[in-house]
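Structure record follows, encoded as structure tokens.
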Amino acid sequence: MLTKDEVLAPLAALRTDQVVVTTMGMVRPWGRHSTHPLDFASADSAMGHAADLALGIALAQPARTVVCLNGDGSMLMSLGTLAVAVEQRARNLVLFVVRNDTYEITGNQPVPGARCVDFALLARGAGFPSVHGFDDAADYRRRLPEVLAAAGPTFVVVRTEPGHEAPLSRGPQEAAAYLGDSLAEAAHRLRRALAALRAS
Amino acid sequence: MICAARFLEALQRHGVTDVVGLPDNASAALFALLAGGGGGVRLRTVSREGEAFALASGLWLGGGRPLVLIQNTGLLESGDGLRGTAMRMRIPLVCVITYRGHARMMRTLGGVPPARDAALLGRPDLDSVALLTEPTLDAWGVPHERLDGEGDLPRLHAAFARSEELGGPVALLLTCDLRAGEAAC
């Protein structure tokens, strides 16, 4: 089992120009590893909809990798997105499920199927061509470069220790830079940043 | 009845890049056209309607101009997906919503009833989703107009303009079928 930092530090070290979409218990931890203009926090939004939002960005930006740091509770809310990602041939989508078996933000109540649901099998069953599971930090660090380089859509499930994140907000009270403005401002900022990169 | 090919041409004229949604009998002809190529408008079929609003929002963030096409039953399913993505992100988004049960509601009640209760929603001679469609959009503050026939297609233009002006979703309620073939066009 990994800590969140053991999941995020190697990813942040390898990250170049990818869009990274975070949600729920991964929002603040990722904000401690990255202040990249292509980071987007699906916070103050709709639980369960980070993966399909990230899929939409990936489909509109086929030349750019889009990484989604999803939770297991959120993934369970939108399993149909697995089928849609494959159907749409989103080769540039890397969908993480950071699995801690709990709804962390609300006090670590167990998710349905905790310790029982096989997310990697669900992704394979939906047709994901690149599926990876990790529960060892050294193995994860070693294999992450090949995982990120694989032709996707790619699915990565990482067994992670439950944390103790408080409910999310947006505004100056949040330390993470990408939580400093409203969801609408962040969304429009990301669209402008991607448009500027495309134009250049 | 609206010719599906004319409808698609209207989407192309307005720069729509993607149609995101789920088919029903009223929209099936357009889905068939899109699946057959769509003249540059891509089809993004989703697994549930709430997913359509999130996926469309992501497409917009990535630089696209998506349009959502769902049935009114799916609108009711979409609640938090619509609220937490397109509305909360202030995304200009046109949603075409097929209006199941509209004809029967008009025939039986003459319009949208001013109030609803369990007895009305349980009446077997009405499709309850029709009774809830416009009140739901009103409750969410989503502007809406009807598309009753091909003569109403210019309302697409107004809907795109309104969604840009508001920075949010605007709905067009399709009360007739999109049809394919010579007879329809």
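Among beta bridges from DSSP that stay inside segment A:47-200, the antiparallel ones total about 10%.
B:TRP140 contributes about 80 Å² of solvent-accessible surface, heavy atoms of the protein only, 1.4 Å probe. To the nearest 10, the accessible area of A:TYR103 is 70 Å² with a 1.4 Å probe. I want to verify a result. In a Gaussian network model of chain B, Cα cutoff 10 Å, which of these has the top mean-square fluctuation: B:LEU33, B:LEU174, B:LEU120? Per the Cα network of chain B with a 10 Å cutoff, B:LEU120 tops the list. Overall shape: prolate for the protein assembly as shown, with the ratio a/c of the largest to smallest alpha carbon gyration tensor axis at 1.5 or above and a/b above b/c.
Chain A contacts chain B over a buried accessible area of about 2200 Å², both sides summed; the probe is 1.4 Å and only protein chains count. Qualifying trypsin sites (Lys or Arg not before Pro) in segment B:94-185, where qualification requires a DSSP coil assignment and no more than 15 other C-beta atoms within 10 Å, comprise B:ARG116.
Rg and Dmax of segment B:81-136, both derived from C-alpha coordinates alone, stand at 14.0, 39 Å. Computed with a 1.4 Å probe on the full set of protein chains, the accessible area for A:CYS116 sits at about 100 Å². Can you tell me what share of the DSSP beta bridges in the protein assembly as shown is antiparallel? A percent to the nearest 5 is fine. If I count the DSSP bridges inside the protein assembly as shown, around 5 percent turn out antiparallel. Where only DSSP H runs of four or more residues are counted, chain B gives -11500 deg cm²/dmol as its mean residue ellipticity at 222 nm, each run worth -39500 (n - 2.57).
Backbone phi angles across segment A:131-145, fed through the Karplus curve with coefficients 6.51, -1.76 and 1.60 (θ = phi - 60°), yield HN-Hα couplings of 10, 9, x, 9, 9, 9, 5, 5, 4, 4, 4, 5, 9, 4, x Hz in residue order; Gly and Pro are listed as x. Between A:ALA149, A:ALA85, A:ALA137, the Gaussian network model of chain A with springs among Cα atoms under 10 angstrom shows the greatest mean-square fluctuation at A:ALA149. Amide H contacts of A:TYR103: A:ASN108, A:GLN109, A:VAL111, each under 5 Å away and 5 or more positions distant or on a separate chain (H built 1.01 Å from N in the peptide plane; Pro and chain starts excluded).
Across peptide A:19-25, the average count of Cβ atoms from other chains found within 10 Å of a residue's Cβ is 1. Counting only protein heavy atoms and a probe of 1.4 Å, the accessible surface of chain B is 51% carbon and sulfur.
Backbone amide hydrogens, once placed in the peptide plane, bring A:PHE128 within less than 5 Å of nothing, excluding anything fewer than 5 places away on its chain.
Interface residues of segment B:89-114, defined as those with an accessible-area decrease of at least 50 Å² between the chain by itself and the complete set of protein chains (probe 1.4 Å), are B:MET89. Shielding value for B:75-83 is 2, the average number of Cβ atoms from other chains within 10 Å of each residue's Cβ.
Rounded to whole numbers, the Karplus 3J(HN,Hα) couplings from phi for segment A:150-162 are 5, 6, x, x, 10, 10, 10, 10, 10, 6, 10, 5, x Hz, using 6.51 cos²θ - 1.76 cosθ + 1.60 with θ = phi - 60°, and x at Gly and Pro. Carbon and sulfur atoms: what percent of the 1.4 Å accessible area of segment A:4-199 do they account for? On segment A:4-199, the fraction of accessible area on carbon and sulfur atoms equals 54 percent. Indicate the helices, whole DSSP H runs only, in chain B that combine a mean Kyte-Doolittle hydropathy of -1.0 or more with a Cα extent along their long axis of 15 angstrom or more. Those that pass (Cα extent of 15 Å or more, hydropathy at least -1.0) are B:49-61, B:128-140, B:154-166. From the Cα gyration tensor of segment A:4-199, with a ≥ b ≥ c the square roots of its eigenvalues, which class applies: rounded if a/c is under 1.5, or else prolate if a/b is larger than b/c, or else oblate? It comes out rounded by the Cα gyration axes. Probing with 1.4 Å while keeping every protein chain in the model, the per residue accessible area of segment B:2-179 equals 37 Å².
Counting only DSSP H runs of at least 4 residues, each contributing -39500 (n - 2.57), and dividing by the residue count of chain A, the helix-based mean residue ellipticity at 222 nm comes to -12000 deg cm²/dmol. Would you work out if chain B is rounded, prolate or oblate? Take a ≥ b ≥ c from the square roots of the eigenvalues of the alpha-carbon gyration tensor; rounded if a/c is under 1.5, else prolate when a/b is larger than b/c, oblate otherwise. The shape class here is oblate. Each residue of segment A:11-18 was assigned a 3J(HN,Hα) from its phi angle through the Karplus curve 6.51 cos²θ - 1.76 cosθ + 1.60 (θ = phi - 60°); the sequence is 5, 5, 5, 8, 5, 10, 10, 6 Hz, with glycine and proline shown as x.
Inter-chain Cβ neighbour count for A:40-50, averaged per residue, equals 5 (cutoff 10 Å, partner chain atoms only).
The values are calculated or read from the model by the stated rules, or taken from the named source; none is laboratory data. Please read all numbers here as calculations on a predicted model, not as lab measurements. Glycine also receives a Cβ, built like all others from the backbone with ideal geometry; neighbour counts cover every protein chain displayed. With ligands, DNA and RNA removed, areas are computed over all heavy atoms of the protein, side chains included. Shrake-Rupley method; radii C 1.70, N 1.55, O 1.52, S 1.80 Å.
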